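The values are calculated or read from the model by the stated rules, or taken from the named source; none is laboratory data. Everything numeric in this text was worked out from a predicted model, so none of it was measured. Heads up, the Cβs are rebuilt from the backbone with ideal geometry, glycines too, and the neighbour counts pull from every protein chain shown.
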């Protein structure tokens, strides 16, 4: 998930829909300890098909326990906008701009 290999997070996939791009897709992380606050993100293009690189994203935050994370009512929107990967950026494995947002949750 990040360049810090000892950050202490586990990644769990949210159910995916293979029929509708973007709908019911994504992932969430569950910290092993503590309550990290995410306030920026940086995406990197893939090494294969450029049109699969995400151009927008909408991160959300929740303090709910894992058994309630499937409920939309427990999530708070943090940002909705661009990923920093330009539509014209066709370079493979290129990093986009860092996207900062406020997280007071």
query = Are any residues in the stretch 65-92 part of a loop (DSSP other than H, G, I, E, B) and modelled with pLDDT of 85 or more, and if so, which ones?
reply = 75, 78, 79, 80, 83, 84, 85
inquiry  = Going by what's in this entry, would residue 54 be described as modelled with pLDDT of 70 or more and either surrounded by 10 or more Cβ atoms within 10 Å (Cβ to Cβ) or farther than 21 Å from residue 102 by Cα (or both)?
reply    = yes
request  = Search the stretch 30-51 for residues being more than 15 Å from the chain's Cα centre (by Cα) and free of Cβ contacts under 8 Å to residues at least 40 places away in the same chain, and hand back the single one that is nearest to residue 101 (Cα to Cα).
outcome  = 35
Members of the stretch 35-51 found to be at pLDDT 80 or above, outside any loop (DSSP other than H, G, I, E, B) and exposed (fewer than 15 other Cβ atoms within 10 Å of the Cβ), listed by number = 40, 44
ask   = touching a strand residue (DSSP E or B) at 6+ places or on another chain (Cβ under 6 Å) and within 25 Å of residue 31 (Cα to Cα): does that describe residue 77?
value = yes
message = For the stretch 57-76, which positions are touching a residue at least 12 places away in the same chain (Cβ under 8 Å) and either surrounded by 11 or more Cβ atoms within 10 Å (Cβ to Cβ) or not assigned by TED's automatic domain parsing to the domain that holds residue 102 (or both)?
response = 57, 58, 59, 60, 61, 62, 69, 74, 75, 76
